[in-house]
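Data block below; observations after.
No lab work stands behind these numbers, since they all come straight from the coordinates. Keep in mind it's a predicted model, so treat the numbers as computed, not measured. Because the Cβ atoms are built from the backbone with ideal geometry, glycine has one as well, and the counts that use them run over all protein chains shown.
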Amino acid sequence: MTIGTLVLPTLLLLALLGVVNYDQILRRSRLQIPQLQPLPQPLPTIPRVAVIIPVYNEAENLRDCLSSILQSTSLSTMHLNVWVVDDQSTDGTGAIAQQLQQEWADPRLHLLPGQPRPTDTLWMGKNWACAQGAAQARGEYLLFLDADVRLQTGAIEAAVLQADQNHVDLLSCGPQVLCGCLAEWLVQPLLFNQLLIGLDWLAINTPNPAVVFAAGPFMLFRRSAYEEIGGHRGVADQVVEDVELARRIKQAGLQFQLMLAPALVTVRMYRSWAALWEGWTKNLYLGAQRQLSAMVTLILIMAVIYVLPWIGLGAIALKMALTHSLVWIDGVSLALLLAAIAGQYDLRRLGAEITQGSSRYWWLTGLGGLLVAAIALGSVIKTETGWGWTWRGRPLQLPQG
């Protein structure tokens, strides 16, 4: 036996150990991650809340988003107002919003045509639209939603009650992530499992500002806290503004809470490989605070835990097809890789259980790992060089200074 013959089983052993470790972490996370639950019965009243939806070229999403918000609650205009801020869309989003306002005649729904971005300040992403909406909206609470979010019945009431009763100044809720196209099924479950595994959920929900994460699609602020930290104006130049807002809440000594809310909030983030590539390469490296080591680690994890077992399976199958025989070390490798692949299924199953998702296409995990590794590499290159670093076609740049 040579050293070369031990390379594959050694790597497969590492893959299996990694899968087992991830499985144990996910099982602990399932018990530690707080979940926002539906209320047993509707609330007749809550503190007044303004829902703000910044939109840029969201013609595809706007009707379903607004319909889900307005139909999710019977709260009157005394307690709820919904603001659509059109950030100078070019696809007819503003016209659709006007049409819906006339069609539904719901007094809770308001449309705010966004103004051009000021030239004396660097404004990234949705921050300018959010700042304009916050200036117009009225309420003790401000709920910022993305246009691809869909609310279930009672979501607003449950979130406001959670924040109000527990004196939370910023409540960020992770939604159930829906997948449609194959690219989404390959990438989204792996990346969100990585978040479930990699985040220190207990530390995130402590006052320590060094440990922070937030879910941008659903951000509920106590208005006084939002204004105290400067709101979106204070993070105007931030591409990953949700995490920075959460950090500032903690730094100000205010109360932050991150929860999952898959029973109440859903989101389909991207509808194609192109959109998925643009979105994740925009956020991933910055979300890791531009730590190159974190991206290298992610790439290695994807390669060893998710890709290698399938490569090993292909190699052994090819050897059997060519030689019609296997030696004992091949049997060891086969046992290790099959155990690792079974572990991959269990990881997908556990992740789906926590997020109320699905383990569909789990058997393409190896391909998914390759795509996630490519996204991690692309995110580093695009962020550091600016080459092709865009969001919905708008160029991005790092904060000044």
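Convert each backbone phi in the range 219-236 into a coupling constant with the Karplus relation 6.51 cos²θ - 1.76 cosθ + 1.60 (shift: θ = phi - 60°), then list the ³J(HN,Hα) values in order as whole Hz, x for Gly and Pro.
For the range 219-236, the Karplus curve yields 10, 10, 9, 6, 4, 4, 6, 4, 6, 4, 8, x, x, 6, 5, x, 10, 3 Hz.
Using Cα atoms only, what is the angle between the long axis of helix 155-165 and the major principal axis of the chain, expressed in degrees (0 to 90) to the nearest 10?
80 degrees
Residues with beta-carbon under 11 Å from that of Ser224, excluding Ser224: net charge, scoring Lys, Arg +1 and Asp, Glu -1? Spell out each step's value before the answer.
Working: positive: Arg222, Arg223; negative: Glu140, Asp169, Glu227, Glu228.
With Lys, Arg at +1 and Asp, Glu at -1, the net is -2.
Would you tally the net charge around Leu80, using a Cβ to Cβ cut-off of less than 9 Å, leaving Leu80 out, and scoring K and R as +1, D and E as -1? Show your work: numbers first, answer last.
On the way: positive: Arg48, Arg108; negative: none.
Once positives and negatives cancel, what remains is +2.
Nearest-5 percent of antiparallel DSSP beta bridges in the range 162-302? Don't skip to the answer; put the middle values down first.
Working: 3 of 10 bridges.
Bridges in the range 162-302 that DSSP calls antiparallel: roughly 30 percent.
Along the charge dipole of the chain, Cβ charges K/R +1 and D/E -1, which of Pro209, Gly253, Ala131 sits furthest on the positive end?
After comparing all options, I get Pro209.
Okay, helix-only estimate at 222 nm for the chain: each DSSP H run of n ≥ 4 adds -39500 (n - 2.57), divide by all residues, round to 500 deg cm²/dmol; what do you get?
On the way: 14 runs with 201 residues, N = 401.
When only DSSP H runs of four or more count, the value is -16500 deg cm²/dmol.
Could you derive backbone 3J(HN,Hα) for the range 275-280 from the dihedral phi with the Karplus parameters 6.51, -1.76 and 1.60 (θ = phi - 60°), listing whole Hz in sequence and x where the residue is Gly or Pro?
Here the 3J(HN,Hα) series is 5, 5, 4, 4, x, 6 Hz.
Working from Cα positions, state the angle (0 to 90°, nearest 10) between the long axis of helix 308-323 and the longest principal axis of the chain.
Compared with the principal axis, the helix lies near 30 degrees.
Antiparallel DSSP bridges in the chain: what percent, to the nearest 5? Spell out each step's value before the answer.
Working: 13 of 37 bridges.
Bridges in the chain that DSSP calls antiparallel: roughly 35 percent.
Calculate the spin-label point distance for Met78 paired with Ile311, positioning each point 7 Å from the Cα along the beta-carbon direction, and give it in nanometres.
6.5 nm
So how far, in whole Å, is the C-alpha centre of the range 264-327 from the one of the range 150-191?
Each part reduced to its Cα centre gives a spacing of 24 Å.
Taking 0.36 nm per residue of sequence separation and subtracting the Cα-Cα distance, how much length would be gained by fully extending the chain between Ser293 and Trp363, in nm to one decimal?
22.3 nm
By the scheme Lys and Arg +1, Asp and Glu -1, what is the net charge of all other residues having a beta-carbon under 11 Å from that of Pro47? Could the numbers behind the result be given before it?
Working: positive: Arg48, Arg222, Arg223; negative: Glu140, Glu157, Asp164.
Taking every Cβ under 11 Å from that of Pro47, the sum is 0.
Run the quick spin-label model on Thr153 and Leu300: label points 7 Å from Cα toward the beta carbon, then report their separation in nm to one decimal.
5.1 nm
When we measure straight from the Cα of Lys282, which lysines land under 20 angstrom away, once same-chain ones fewer than 8 places off are left out?
Lys126, Lys382
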